[in-house]
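The values are calculated or read from the model by the stated rules, or taken from the named source; none is laboratory data. These numbers come from a predicted model, not from an experiment. Cβ sites come from the backbone with ideal geometry, for glycine too, and all protein chains shown count toward neighbours. Keep in mind that these areas ignore ligands, DNA and RNA; they rest on the heavy atoms of the full protein, side chains included. Shrake-Rupley method; radii C 1.70, N 1.55, O 1.52, S 1.80 Å.
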Amino acid sequence: MSDDLPPVLTVTAEGPVRHVVINRPDELNAVNADLHRALAEVWRRLAADREARVVILTGAGRAFSAGGDLDWIMSFLDDPVARDESIREGARIIEELLRFPLPVIAAVNGPAMGLGASVAMLCDVVLMSERAYLADPHVAVGLVAGDGGAAFWPLLTPLLRTREYLYTGDRIDAATAVEVGLASRVVAAGELLAEARELAERLAAQPPEALRGTKRVVNMYLSQALAGPMQAGFAAEVVSMQTPEHRERLLALRDRAR
């Protein structure tokens, strides 16, 4: 299934369950060009897998995904073609997840930040390790939170809480994420994958057409509500990518990382 995907995203089969693993553990699964492209492509391929019934999405190592890879994002400062392609691809990731017919369980094993948080929260069930947290630090690096946060967090959690988290980029621990509606439940770190597998097996045993049809109807609400805000969010993010504040924040981050 994953032979033609880059090794930064792996897919394995366990009966009717497909395990998708974000696989850049040494970089805390930060999203680079290859991983971004793979996240846009994998959902259509899984949808064509006639034996698949449920997907578990998780990260290798200590993190779910630490958001965008700094080197990759830095490259956009002087490469508007790559920048614009990343925006188109980001929109495709969200669109593909919204139309994906099978239930997806996010097993959030560690930090899920920026796009990582968006991908996790677009899953049907979000199980969070007690050691995990969410954050969307776009604004802190001079960017509009256009790749999901500003558009769909308000659909999941109260608007006042959404504003504070997006404006500050503060971390949201697992218990708080459940409290405000950004995750389904907290699971002990050592039991996360076992819990995800148990739930996946339960869902795989459900009548498939009933389950798919229910998901399709539920996601219609999300798709309709997100149509305008997502377009506006990505457009605003492109504008913010070209500001001197964004360049300054990225350069400062790079200097601290050295």
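Going by what's in this entry, would L35 be described as modelled with pLDDT of 95 or more, open to solvent by less than 30 Å² (accessible area, probe 1.4 Å) and either charged (D, E, K, R) or in a helix (DSSP H, G or I) (or both)?
yes
Confirm whether V21 is touching a helix residue (DSSP H, G or I) at 6+ places or on another chain (Cβ under 9 Å) and either charged (D, E, K, R) or under 28 Å from V186 (Cα atoms) (or both).
When the stated conditions are applied, V21 does not pass them.
In this structure, does E85 turn out to be within 16 Å of G233 (Cβ to Cβ), at pLDDT 95 or above, outside any strand (DSSP E or B) and open to solvent by 10 Å² or more (accessible area, probe 1.4 Å)? Reasoning before the result, please.
Values: within 16 Å of G233 (Cβ to Cβ): no; at pLDDT 95 or above: yes; outside any strand (DSSP E or B): yes; open to solvent by 10 Å² or more (accessible area, probe 1.4 Å): yes.
When the stated conditions are applied, E85 does not pass them.
Mind listing just one residue for me: the one in the range 243-258 that is at pLDDT below 95 and either among the hydroxyl-bearing types (S, T, Y) or over 26 Å from the mean Cα position of the chain (by Cα) (or both) and, of those, least open to solvent (accessible area, probe 1.4 Å)?
Among residues in the range 243-258 that are at pLDDT below 95 and either among the hydroxyl-bearing types (S, T, Y) or over 26 Å from the mean Cα position of the chain (by Cα) (or both), the one least open to solvent (accessible area, probe 1.4 Å) is D255.
Enumerate the pairs (first residue in the range 207-223 and within 15 Å of V104 (Cβ to Cβ); second residue anywhere and outside any helix (DSSP H, G or I) and open to solvent by less than 60 Å² (accessible area, probe 1.4 Å)) with beta-carbon separation below 6 Å, excluding pairs fewer than 6 apart on the same chain, so at least 6 apart or on different chains.
R212/P101
Would you check if there is a residue in the range 58-65 being within 29 Å of D255 (Cβ to Cβ), open to solvent by 20 Å² or more (accessible area, probe 1.4 Å) and in a helix (DSSP H, G or I)?
no
Condition (residue is within 19 Å of S75 (Cβ to Cβ) and surrounded by fewer than 22 Cβ atoms within 10 Å (Cβ to Cβ)) applied to the range 11-27: is it met by at least one residue?
Yes, because at least one residue in the range 11-27 is within 19 Å of S75 (Cβ to Cβ) and surrounded by fewer than 22 Cβ atoms within 10 Å (Cβ to Cβ).
Being crowded, with 20+ Cβ neighbours inside 10 Å, under 16 Å from the mean Cα position of the chain (by Cα) and modelled with pLDDT of 95 or more narrows it down to one residue among L166, L143; which is it?
None of the other options fit; the residue is L166.
May I ask you to verify whether L160 is open to solvent by less than 80 Å² (accessible area, probe 1.4 Å) and more than 20 Å from the chain's Cα centre (by Cα)?
Working: open to solvent by less than 80 Å² (accessible area, probe 1.4 Å): no; more than 20 Å from the chain's Cα centre (by Cα): yes.
Taking the combined requirement at face value, the residue does not satisfy it.
How many of the residues in the range 206-220 are within 16 Å of L97 (Cβ to Cβ) and open to solvent by less than 60 Å² (accessible area, probe 1.4 Å)?
2
Looking at the range 141-190, which of the residues that are among the charged types (D, E, K, R), touching a residue at least 24 places away in the same chain (Cβ under 8 Å) and not in a loop (DSSP other than H, G, I, E, B) is nearest to R249 (Cα to Cα)?
D173
Could you list, in sequence order, the residues of the range 188-205 that are within 13 Å of V55 (Cβ to Cβ) and either modelled with pLDDT under 95 or open to solvent by less than 40 Å² (accessible area, probe 1.4 Å) (or both)?
A196, L199, A200, L203, A204
Pairs please, first residue from the range 1-30 and among the hydrophobic types (A, V, I, L, M, F, W, C), second anywhere and at pLDDT 95 or above and open to solvent by 50 Å² or more (accessible area, probe 1.4 Å), Cβ atoms under 6 Å, 6+ apart in sequence or on different chains.
These pairs meet every condition: V8/N23; V8/D34.
Which residues, counting only those in the range 92-139, are under 17 Å from G67 (Cβ atoms) and either among the basic types (K, R) or part of a helix (DSSP H, G or I) (or both)?
Listed by number, the residues that qualify are I93, I94, L97, L115, G116, A117, S118, V119, A120, M121, V139.
So which of D78, D69 is among the charged types (D, E, K, R) and open to solvent by less than 50 Å² (accessible area, probe 1.4 Å)?
Answer to the selection: D69.
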